[in-house]
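Novice: If you scroll down you'll find the structure; I have some questions about it.
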Amino acid sequence: MAFKYSVILPVLALGGGDVWERPREVLQMIASAGYDGIDIDAEPDRIDQRRFREVTEMAGSLGLKVAGVLGAWGTWHAGEQRDLASSDESVRQYAVNYCKKCIDLSASLGGPVFQIMAVCFHHEYPFCSTPLGTLRHNFVRSAKEIADYAAPRQVPVAIEPINRFEGYAGFLNSVVDAMSIVDEVDVSCLGVMIDFFHANIEDGSLSDVMRMAGNKLLHIHLADSNRQAPGTGHIDFLQVVRTLSAMEYKRYMALDCIPPRPDLETFLGYSISYMREMEKALALQKRLYESH
Ligand SMILES: [Mn+2]
């Protein structure tokens, strides 16, 4: 079975491929490389609606679906206090309201997965000054409010665990952490996502955690252990596609390498062709076993 691949647009912008500056060129490059979709910036208050529609329609005309709506947090959020785990109720509520606007945006696009995480405004390492139980309590409240808003709008919401050096050190760093929150909130539209770069740091076997997430695995961020193109680090991508194939994973893998290197065309072309090679190798292995 062939997997679906997407490209995270805000990441591409870091390598000179800003879709809002030169949409046709960037989208054409993604489509030509063979991708199925794009993950687009969730900035309903910052990106002009007409411009947004223009870009998504252009993507559609090139055969690219909107695979995901990417919430912006931490260093990406240009100063806004979007912190779903904050103990400051006004900050937490501000972040939840931001999410509701993003869910409306996603609903208007037919319901691509909306991606959330917990990132503090002032990063503390190796310990958080806020007790981890407090952070969890705050985040669970936010996730419940977000999921209750998203469910009737048919928008899946995925929690992305972030490694301790970028997110809260000790809170919501692993897929296991995220699954425990999904289980507690218990609203059907809420699930997890796995970013292989983060999970390679914080989780054990990638296959084990993907299987543990099962049908709650709503999205994947694709990067190797060095946060570069798959195939350039030490993640076993043949095993990754073997596991996803066994799980009958039908959602997207969205390319999330920071910064994209060495140049956009090589980066985009190499990443998808490497993953397609892994899929071919898996298919060949299956035939060898069957012919035995
Ligand atoms: Mn990611």
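All of the numbers you see were taken from the coordinates with simple rules; none came from a lab. What you are looking at is a predicted structure, and each value in this text was computed from that prediction instead of being measured. We place every Cβ from the backbone using ideal geometry, glycine too, and count neighbours over all the protein chains shown.
Novice: Would you mind ranking Phe267, Phe121 so that the residue whose beta carbon has the fewest other beta carbons within 10 Å leads the list? Please list the in-between numbers first.
Specialist: Details: Phe267 24, Phe121 16.
Ordered by Cβ neighbours within 10 Å, fewest first: Phe121, Phe267.
Novice: As an exercise, identify the GluC sites (Glu not before Pro) in the stretch 72-132 lying in DSSP coil whose Cβ has no more than 13 other Cβ atoms within 10 Å.
Specialist: On the way: sites: Glu80, Glu89, Glu124; in loops: Glu80, Glu124.
The qualifying sites are Glu124.
Novice: When the chain is modelled as a GNM with alpha-carbon springs shorter than 10 Å, which of Gly74, Gly17, Gly133 fluctuates the most?
Specialist: Its mean-square fluctuation being the largest, the pick is Gly133.
Novice: Further question: Can you pull out the chymotrypsin sites (Phe, Trp or Tyr not before Pro) in the stretch 134-186 that DSSP calls coil and that have at most 10 other Cβ atoms within 10 Å?
Specialist: Details: sites: Phe139, Tyr149, Phe165, Tyr168, Phe171; in loops: Phe165, Tyr168, Phe171.
In loop regions of the stretch 134-186 (DSSP not H, G, I, E or B), there are no sparsely surrounded chymotrypsin sites (Phe, Trp or Tyr not before Pro).
Novice: Right, another one. Within 10 Å of each residue's Cβ, count the other Cβ atoms and sort Arg287, Arg211 from fewest upward.
Specialist: Numbers: Arg287 10, Arg211 14.
Going from least to most buried by this count: Arg287, Arg211.
Novice: DSSP loop (so not H, G, I, E, B), at most 12 other Cβ within 10 Å: list which GluC sites (Glu not before Pro) in the stretch 225-292 pass both filters. Intermediate results must be reported in sequence, preceding the final value.
Specialist: Working: sites: Glu248, Glu265, Glu277, Glu279, Glu290; in loops: Glu248.
For GluC sites (Glu not before Pro) across the stretch 225-292 that sit outside H, G, I, E and B with at most 12 neighbouring Cβ atoms in 10 Å, the list reads Glu248.
Novice: R0 = 35 Å: FRET efficiency of Lys280 with Tyr125, Cβ-based, nearest 0.05? Present the calculation step by step, with values, prior to reporting the outcome.
Specialist: Details: r = 41 Å, r/R0 = 1.18.
Computed FRET efficiency for Lys280 and Tyr125: 0.25.
Novice: Could you run the Debye sum over the Cα atoms of the chain, one equal point scatterer each and no solvent, and tell me log10 of I(q)/I(0) at q = 0.09, 0.13, 0.16 Å⁻¹, two decimals?
Specialist: -0.41, -0.87, -1.34
Novice: So for Asp48, Asp18, Asp203, fewest C-beta neighbours within 10 Å to most, what's the order?
Specialist: Details: Asp48 10, Asp18 15, Asp203 21.
Final ranking by Cβ density, sparse to dense: Asp48, Asp18, Asp203.
Novice: Sum up the charges of everything whose Cβ sits under 9 Å from the Cβ of Leu190, counting Lys and Arg as +1 and Asp and Glu as -1, but leave Leu190 out. Before the final figure, lay out the partial values.
Specialist: Numbers: positive: Lys144, Lys216; negative: Asp186.
Here the count lands on +1.
Novice: How many lysine pairs does the stretch 4-291 hold where the Cα atoms are under 14 Å apart and the two sit 8 or more places apart or on different chains?
Specialist: Numbers: Lys4/Lys65; Lys4/Lys250; Lys100/Lys144; Lys216/Lys250.
Count of close lysine pairs: 4.
Novice: Go through Leu172, Ile8, Ala85 and say which Cα lies farthest out towards the positive end of the charge dipole of the chain; charges sit on Cβ, +1 for Lys and Arg, -1 for Asp and Glu.
Specialist: Toward the positive end, the furthest listed residue is Ile8.
Novice: Counting alpha carbon pairs within less than 8 Å and at least 6 residues apart, what relative contact order, in whole percent, applies to the chain?
Specialist: Working: 527 pairs, mean separation 54.2, N = 292.
RCO, the chain: 19 percent.
Novice: Now, a different point. To the nearest 20 debye, what charge dipole does the chain have about its Cα centre, counting +1 at the Cβ of each Lys and Arg and -1 at the Cβ of each Asp and Glu?
Specialist: On the way: 28 positive and 38 negative charges, 131 e Å.
With only Lys, Arg, Asp and Glu charged at Cβ, the dipole is about 640 debye.
Novice: What residue among Pro230, Pro23, Pro161 shows peak mean-square fluctuation when the chain is described by a Gaussian network model with Cα springs under 10 Å?
Specialist: Pro23
Novice: Here is a further query. Summing -39500 (n - 2.57) over the DSSP H runs of n ≥ 4 in the chain and dividing by its residue number, what mean residue ellipticity at 222 nm do you reach, to the nearest 500 deg cm²/dmol?
Specialist: Details: 10 runs with 132 residues, N = 292.
Helix contribution divided over all residues of the chain: -14500 deg cm²/dmol.
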